[in-house]
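Structure record follows, encoded as C-alpha cells.
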Protein chains: 2
Amino acid sequence: MSDTSLAELLRERGLRLTPQRQLILEAVHDLGHSTPEQVHHQVRERAAGVNITTVYRTLELLEELGLVTHTHLSHGSPTYHRVGEHEHVHLVCRSCGTSTGVDPAVVQPVADRLLDTRGFQVDIGHVSFFGLCAECREQS
Amino acid sequence: MSDTSLAELLRERGLRLTPQRQLILEAVHDLGHSTPEQVHHQVRERAAGVNITTVYRTLELLEELGLVTHTHLSHGSPTYHRVGEHEHVHLVCRSCGTSTGVDPAVVQPVADRLLDTRGFQVDIGHVSFFGLCAECREQS
DNA sequence: GTGCCTGCAAACTCTTTGCAATCCT
DNA sequence: AGGATTGCAAAGAGTTTGCAGGCAC
C-alpha cells in the first residue's frame, strides 16, 4: 500500500516510479531509522547495482513527498525514517551510541508550552535527546 | 577566571597553556553557540596565524576538559558553546535556520520522567527542538 | 632540554553536481 | 518518442591525521 501511495504521489507530479525508488522507500520502512549508507546497504542486498548517489537523491525526493523525514543524531550522518503512525522521540546514548524510541506524547506538554510562550511549533517527529542510557549509567 | 581554570585543568593533566587555547576558549565564550569555522574566524581577528586544524583539536580538548560542549543542529556542522550557568535548549527553525535559546527548566519535567521510566539521563544542555519559529509560521 | 603543540599539507568521509546513457510512461 | 532517472566520476564541504619545527615548562 505504501507502493500505491508512492506511485500516486509520483504521478501527481509527473515523476516516475522506478525500482530504485520502491526499494529505497521499502528499506527506510524496514530499517526504522537509518543513515543513507545503511539504506544503501539494505537496498544492495536486493539490487546490487544501485548507486549511493541515487540513494541520496531519492531520500531527498521521498522527503519532499512527505513519505520520510530525517533527524540529526549524534555524529555526522542524518538518519531517515518513515513518516506516519510510528513517530517517536529518539533517546541517543552518548556513551554507547544506541538510539531508542519513546512515545512523543512525553514531550507534548513541552511542545504546547513552547507554542504558547514562544510561538515556536516543535516538530515532535524530529525530537532527539542526548544523554546516558540506563546501562551506561550503571557502568560509571 | 576562566583562564585560570583552563590553566589549572591543563596543568593537572600535564598539558600546556598556549595562546591558541586561550583564544579559542574565549571565542567560544564570546560567540555563544558557534561552529568550528565561526570560532576560527573569531580567533583570526586577534591572531591571524591560527590554523583551523588547531581549532578542531582544541575544541575537542576543551570538551574533554569539560569547558565546552557541542550539539548538532540542523545541517552538517556542530555548534559549540560553553558549559556552565547559561545552558539552554535550542529552538531551531527548519524554515529560516535561526536558533534561539530557552531556559532548560522547560524540559526538566520530561527529563525527570525519562529518568524514572526509562532510566535515561537526558543531557539538558544538549537539547534541540526542530520546528517552525513564530515568524515563519505567520508567513505560511 | 624534553616532549607537548602547532601549522602545513594531504588524506578521508560524507554529500552534491555534471553529463551521457538508460528506462519509465 | 521524450523527458525523467540513473550511474559514474569528479568536485565540494567538513574533518582528521602525519610529520617536522617551535614553544611552554
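Given the structure, is residue A:125 in a helix (DSSP H, G or I) and open to solvent by less than 50 Å² (accessible area, probe 1.4 Å)?
Judged against the criteria, residue A:125 is a match.
Being in contact with a Pro (Cβ under 9 Å, 6 or more places away or on another chain) and within 8 Å of chain B (Cβ to nearest Cβ): is that true of residue A:122 here?
Here the answer is no, as residue A:122 does not meet what is asked.
Taking the stretch A:113-128 as the search range and keeping residues that are modelled with pLDDT of 85 or more and in contact with a helix residue (DSSP H, G or I) (Cβ under 8 Å, 6 or more places away or on another chain), which one is nearest to residue A:101 (Cα to Cα)?
Filtering the stretch A:113-128 for residues that are modelled with pLDDT of 85 or more and in contact with a helix residue (DSSP H, G or I) (Cβ under 8 Å, 6 or more places away or on another chain), the one nearest to residue A:101 (Cα to Cα) comes out as A:122.
Just to verify a result, which residue in the stretch A:15-27, among those that are within 14 Å of residue A:68 (Cβ to Cβ) and either away from DNA strand C (no atom under 14 Å from the Cβ) or basic (Lys, Arg) (or both), is least open to solvent (accessible area, probe 1.4 Å)?
Going through the qualifying residues, I end up with A:27.
What number of residues within the stretch B:44-66 satisfy the criterion of being hydrophobic (A, V, I, L, M, F, W, C) and more than 16 Å from the chain's Cα centre (by Cα)?
Counting residues in the stretch B:44-66 that are hydrophobic (A, V, I, L, M, F, W, C) and more than 16 Å from the chain's Cα centre (by Cα) gives 4.
Can you tell me which residues in the stretch B:87-122 are free of Cβ contacts under 8 Å to residues at least 12 places away in the same chain and either more than 23 Å from residue A:140 (Cα to Cα) or open to solvent by less than 40 Å² (accessible area, probe 1.4 Å) (or both)?
B:105, B:109, B:114, B:119, B:120
Keeping to the stretch B:35-60, report how many residues are within 11 Å of DNA strand D (Cβ to nearest atom) and either away from every other protein chain (no Cβ under 14 Å) or open to solvent by 60 Å² or more (accessible area, probe 1.4 Å) (or both).
Total meeting the criteria: 15.
Given the criteria open to solvent by 40 Å² or more (accessible area, probe 1.4 Å), within 26 Å of residue A:88 (Cα to Cα) and among the charged types (D, E, K, R), does residue A:12 qualify?
So residue A:12 does not fit the description; no.
The values are calculated or read from the model by the stated rules, or taken from the named source; none is laboratory data. Predicted model only: the values in this text are computed from it and were never measured. Backbone-built Cβ (ideal geometry, glycine too); neighbour counts: all protein chains shown. Note: areas computed on protein heavy atoms with side chains; ligands, DNA, RNA excluded. Shrake-Rupley method; radii C 1.70, N 1.55, O 1.52, S 1.80 Å.
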